[in-house]
Amino acid sequence: MLANSPPDSCHFLDLSGLQTPDISFWSAWDQEALLGIGALKQLDAAHGELKSMRTAPAHLGKGIGAAILDHILTTARTRGLRRLSLETGTAPAFEPALRLYTRYGFAPCAAFADYRDDDPHSRFLTRRL
């Protein structure tokens, strides 16, 4: 993320951030190879945030991100969430992620949670569940 956005516009979670009670984290593996990761942050009883979606570079274009996103959407619905939102970057490197999220019905929205609306390196998306 730091290669594509300034540090103050990078909102990824480090290991300690992924270990808090409001975060559920999943990883996809093939034997010993890590394929991708994704997390769901519970913002409140009805709203969740998609966090830390990544696919290993060697496995891009194989549907790993879509599979993880499907799992997170199913989990969010099972937990009774009514909205799922996310923050992603605006640099060209984020375009594949934007295409995935758009394909899944995410649409632009205002900043949410503690994000700033005036950050030119962030875009915000949301969808009802």
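The values are calculated or read from the model by the stated rules, or taken from the named source; none is laboratory data. What you see is a predicted model, and the numbers here were worked out from it, not measured in a lab. We place every Cβ from the backbone using ideal geometry, glycine too, and count neighbours over all the protein chains shown.
Quick check: anything in the range 29-39 modelled with pLDDT of 95 or more and aromatic (Phe, Trp, Tyr)? Among the residues of the range 29-39, at least one is modelled with pLDDT of 95 or more and aromatic (Phe, Trp, Tyr), which makes the answer yes. Taken across the range 65-80, residues that are modelled with pLDDT under 90, polar (S, T, N, Q) and in contact with a Leu (Cβ under 8 Å, 6 or more places away or on another chain) do not occur at all. The C-beta contact set for the range 98-125 (first residue among the hydrophobic types (A, V, I, L, M, F, W, C) and modelled with pLDDT of 90 or more, second residue surrounded by 11 or more Cβ atoms within 10 Å (Cβ to Cβ) and assigned to a helix (DSSP H, G or I), distance under 6 angstrom, 6+ apart or interchain) comprises Leu100/Gly65; Leu125/Tyr101. Within the range 45-60, being without any contact (Cβ under 8 Å) to a residue 24 or more places away in the chain, closer than 22 Å to Arg123 by Cβ and surrounded by fewer than 22 Cβ atoms within 10 Å (Cβ to Cβ) holds for one residue alone: Arg54.
Arg82 - would you say it is of a type in the set (Lys, Arg) and without any contact (Cβ under 8 Å) to a residue 24 or more places away in the chain? Spelling it out, it is not the case that Arg82 is of a type in the set (Lys, Arg) and without any contact (Cβ under 8 Å) to a residue 24 or more places away in the chain. Within the bounds of the range 70-88, is there any residue that is more than 15 Å from Leu43 (Cα to Cα), surrounded by fewer than 18 Cβ atoms within 10 Å (Cβ to Cβ) and in contact with a helix residue (DSSP H, G or I) (Cβ under 9 Å, 6 or more places away or on another chain)? Within the range 70-88 (the criterion being more than 15 Å from Leu43 (Cα to Cα), surrounded by fewer than 18 Cβ atoms within 10 Å (Cβ to Cβ) and in contact with a helix residue (DSSP H, G or I) (Cβ under 9 Å, 6 or more places away or on another chain)), the answer is no, since none of the residues qualifies.
Hey, any hits in the range 6-17 for a residue that's closer than 17 Å to Ala113 by Cβ, among the hydrophobic types (A, V, I, L, M, F, W, C) and at pLDDT 95 or above? No, the range 6-17 contains no residue that is closer than 17 Å to Ala113 by Cβ, among the hydrophobic types (A, V, I, L, M, F, W, C) and at pLDDT 95 or above.
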